[in-house]
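Encoded as structure tokens, the structure appears first; notes follow it.
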Amino acid sequence: MRTTVCSLVGLLVAAMPARSDQTTNSWEWFNAAEFYQEPGPGHGADPGRVARYFRIAAEKGNPVAAFKLGELYEHGTGVSKDPVQAFTWYMRSAARNDKHGQLKVGWCYQKGIGVQADPAIAAIWYRVSADNDNIWAYHMLAFMLADGEGVKKDVALARRYLERSLPKTKDHWAKWKLAHLLAEEDPKRAKALMKEAAAAGNRQAAEEITKSP
């Protein structure tokens with residue numbers, strides 16, 4: 001898989017325009033967009049202006065702005081909701097080696113947002129993001145490995161990735177999943193994790209605790 005990942009990223013980066021001083025200057029537009037995201041002294045929140053400024057920054061090659069613009073299109077904030085545009089801007093961010101954009105490209109392929117769903121490609125992009133030190137990519141990969149979704153099932157590796165990501169994500173679904181993966185080997189810890197997940201609002205965990213003897 002690593003050869004495929006490297007080839008995919010290499011092709012995408014080669015296809016993007018070369019970096020220039022525009023990328024550096026784009027941060028002024030990026031900062032202006034963030035300025036109007038929340039109301040402040042003398043100004044209110046302006047989602048439309050936020051979208052325009054993120055677009056200018058993104059078109060100048062700013063990968064973080066491209067990611068932000070993708071989010072706006074995904075959720076319909078300041079622009080009309082458009083999953084295809086969301087995917088397009090996530091991909092532009094990912095091609096600039098932004099780990100958050102890479103994670104979102106994986107998410108789009110996993111869920112079929114703006115592109116035909118393909119779990120195998122989703123797993124590749126999660127791996128790219130994880131190799132770029134995105135802890136949430138390890139989280140997503142762990143679930144895919146645990147369930148054999150898009151990749152060969154590997155419970156041991158799924159556990160390692162959850163153990164790596166959970167201390168930072170604190171995600172109750174991760175606790176629920178890890179509890180299941182540890183149930184036979186370490187039932188005491190599995191039960192504790194299930195209780196933590198339930199306490200954090202995970203209804204599935206709460207139901208399973210109620211049903212357990």
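Of all the residues in the range 86-126, those that are over 16 Å from Y73 (Cα atoms) and of a type in the set (D, E, K, R) number 4. Restricted to helices (runs of 4 or more DSSP H) entirely inside the range 25-117, those with at least 3 residues that are surrounded by fewer than 21 Cβ atoms within 10 Å (Cβ to Cβ), of a type outside the set (A, V, I, L, M, F, W, C) and in contact (Cβ under 8 Å) with a residue 24 or more places away in the chain are 47-59, 83-95. Annotation: G150 fulfils all but one of (1) closer than 30 Å to A206 by Cα; (2) surrounded by 21 or more Cβ atoms within 10 Å (Cβ to Cβ); (3) within 18 Å of the chain's Cα centre (by Cα); the unmet one is (2). Could you please let me know if M144 is of a type outside the set (F, W, Y), in contact with a Pro (Cβ under 9 Å, 6 or more places away or on another chain), at pLDDT 95 or above and buried (at least 22 other Cβ atoms within 10 Å of the Cβ)? So M144 fits the description; yes.
Kindly check whether there is at least one residue in the range 165-185 that is surrounded by 15 or more Cβ atoms within 10 Å (Cβ to Cβ), in contact (Cβ under 8 Å) with a residue 40 or more places away in the chain and among the small types (G, A, S). Scanning the range 165-185 turns up no residue that is surrounded by 15 or more Cβ atoms within 10 Å (Cβ to Cβ), in contact (Cβ under 8 Å) with a residue 40 or more places away in the chain and among the small types (G, A, S).
The values are calculated or read from the model by the stated rules, or taken from the named source; none is laboratory data. Just so it is clear, the model here is predicted, and its values are computed rather than measured. All Cβ positions, even for glycine, are placed from backbone atoms using ideal geometry, and neighbour counts span all protein chains on display.
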